[in-house]
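Structure, as structure tokens:
The values are calculated or read from the model by the stated rules, or taken from the named source; none is laboratory data. Every value quoted in this text rests on a predicted model; they were computed, and no experiment measured them. Every residue, glycine as well, gets a Cβ built from its backbone with ideal geometry; the counts of neighbours run over all protein chains shown. Areas reflect the complete protein model, heavy atoms only, side chains present, ligands, DNA and RNA absent. Shrake-Rupley method; radii C 1.70, N 1.55, O 1.52, S 1.80 Å.
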Amino acid sequence: MPLDTDTAVAAEVADRAARALSTAHVVVAPAIPYGSSGEHQAFPGTMSIGTPVLTSVLVELGRSLRTWAAAVVFVNGHGGNLDAVTGAVEVLRAEGQTVAWFPCASADADPHAGWAETSVMLRLRPQDVRSERARPGNCAPLHMLLPALREQGLRAVTANGVLGDPSGADADAGEALVVDMVATVANGVRRLGPP
């Protein structure tokens, strides 16, 4: 899987959600390509700015955007960003800003580089997926792995960095997952009210 998988997924979901809202009032900003990924640091290719820095970046971008935008919606594609995104939204809301966030998530998704994420990338950027190198990782439910993952990092729960099993991943399934994620974001934005 490419290093920018989470960014690629979030950017696609944000773009499609904006189109689904079918209004000229929705603007999609460029994606932030770095996040809080310290839990992956034991694996080569990891680049992390950490939770405090990401929180500050999101708060400052939210403040800047709100000088001209009626509302700000963050679309998050990486579970490690959860504390930063929720923290930034809390700060901005406490300041009276209209801001929300939505995950790129699906009920059918496994946590990391498994069937779901591989299927999505086979749909979005098949040339960047090395399917011949796909191997199952730890397939235990995320709630069971999360304490060790948060405390010791991803390497503590999976030797190859995969949480799930990418076997059988396919582009058609990936498209269905993306459609589900887009619906979640678009419906969430609709619930915020008109811009």
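A few points about this structure:
- In the condition set (1) open to solvent by less than 50 Å² (accessible area, probe 1.4 Å); (2) of a type outside the set (A, V, I, L, M); (3) touching a helix residue (DSSP H, G or I) at 6+ places or on another chain (Cβ under 7 Å), P33 is compliant with all but (1).
- As a summary of the residue check, P2 satisfies the conditions (1) over 21 Å from T98 (Cβ atoms); (2) within 15 Å of the chain's Cα centre (by Cα); (3) surrounded by 16 or more Cβ atoms within 10 Å (Cβ to Cβ) except for the one numbered (3).
- Close pairs (8 angstrom Cβ cut-off, 6 or more residues apart or separate chains): under 24 Å from L192 (Cα atoms) in the stretch 5-17, of a type in the set (D, E) anywhere: V9/E117
- Test for E151: is it closer than 18 Å to H40 by Cβ, more than 18 Å from the chain's Cα centre (by Cα) and not aliphatic (A, V, I, L, M): yes
- Enumeration of residues in the stretch 7-36 that are at pLDDT below 95 and in contact with a Gly (Cβ under 6 Å, 6 or more places away or on another chain): none
- Residue pairs meeting the criteria (Cβ under 6 Å; at least 6 apart or on separate chains; first open to solvent by 40 Å² or more (accessible area, probe 1.4 Å) and part of a helix (DSSP H, G or I), in the stretch 170-195; second modelled with pLDDT of 90 or more and of a type in the set (D, E, K, R)): E175/R123
- Hits in the stretch 45-71 - residues which are under 30 Å from R155 (Cβ atoms), surrounded by fewer than 17 Cβ atoms within 10 Å (Cβ to Cβ) and out of contact with any strand residue (DSSP E or B) (no Cβ under 8 Å at 6 or more places or on another chain): G45, T46, M47, G50, P52, V53, S56, V57
- Candidates A159, A94, filtered to the one that is among the hydrophobic types (A, V, I, L, M, F, W, C), open to solvent by 60 Å² or more (accessible area, probe 1.4 Å) and closer than 25 Å to V57 by Cβ: A94
Listed here are the residues, each with its yes/no results for (1) of a type in the set (G, A, S); (2) at pLDDT 95 or above; (3) under 30 Å from V72 (Cβ atoms); (4) touching a Cys at 6+ places or on another chain (Cβ under 7 Å).
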{"site": "M121", "(1), (2), (3), (4)": "no, yes, yes, no"}
{"site": "V129", "(1), (2), (3), (4)": "no, yes, no, no"}
{"site": "C139", "(1), (2), (3), (4)": "no, no, no, no"}
{"site": "E151", "(1), (2), (3), (4)": "no, no, no, no"}
{"site": "G168", "(1), (2), (3), (4)": "yes, no, no, no"}
{"site": "A176", "(1), (2), (3), (4)": "yes, yes, yes, no"}
{"site": "V179", "(1), (2), (3), (4)": "no, yes, yes, no"}
{"site": "R191", "(1), (2), (3), (4)": "no, no, yes, no"}
{"site": "P194", "(1), (2), (3), (4)": "no, no, yes, no"}
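- Near pairs, Cβ below 7 angstrom, 6+ apart or cross-chain, from the stretch 63-83 (closer than 16 Å to T184 by Cβ) to any residue that is of a type in the set (V, I, T) and open to solvent by 20 Å² or more (accessible area, probe 1.4 Å): V73/V189; G77/T7
- Test for V27: is it open to solvent by less than 40 Å² (accessible area, probe 1.4 Å) and either closer than 19 Å to R191 by Cα or of a type in the set (A, V, I, L, M, F, W, C) (or both): no
- Test: V85 is surrounded by 21 or more Cβ atoms within 10 Å (Cβ to Cβ) and in contact with a Lys or Arg (Cβ under 8 Å, 6 or more places away or on another chain): no
- Residues that are touching a helix residue (DSSP H, G or I) at 6+ places or on another chain (Cβ under 6 Å) and crowded, with 18+ Cβ neighbours inside 10 Å within the stretch 10-20 comprise E12, V13, R16, A17, listed in sequence order.
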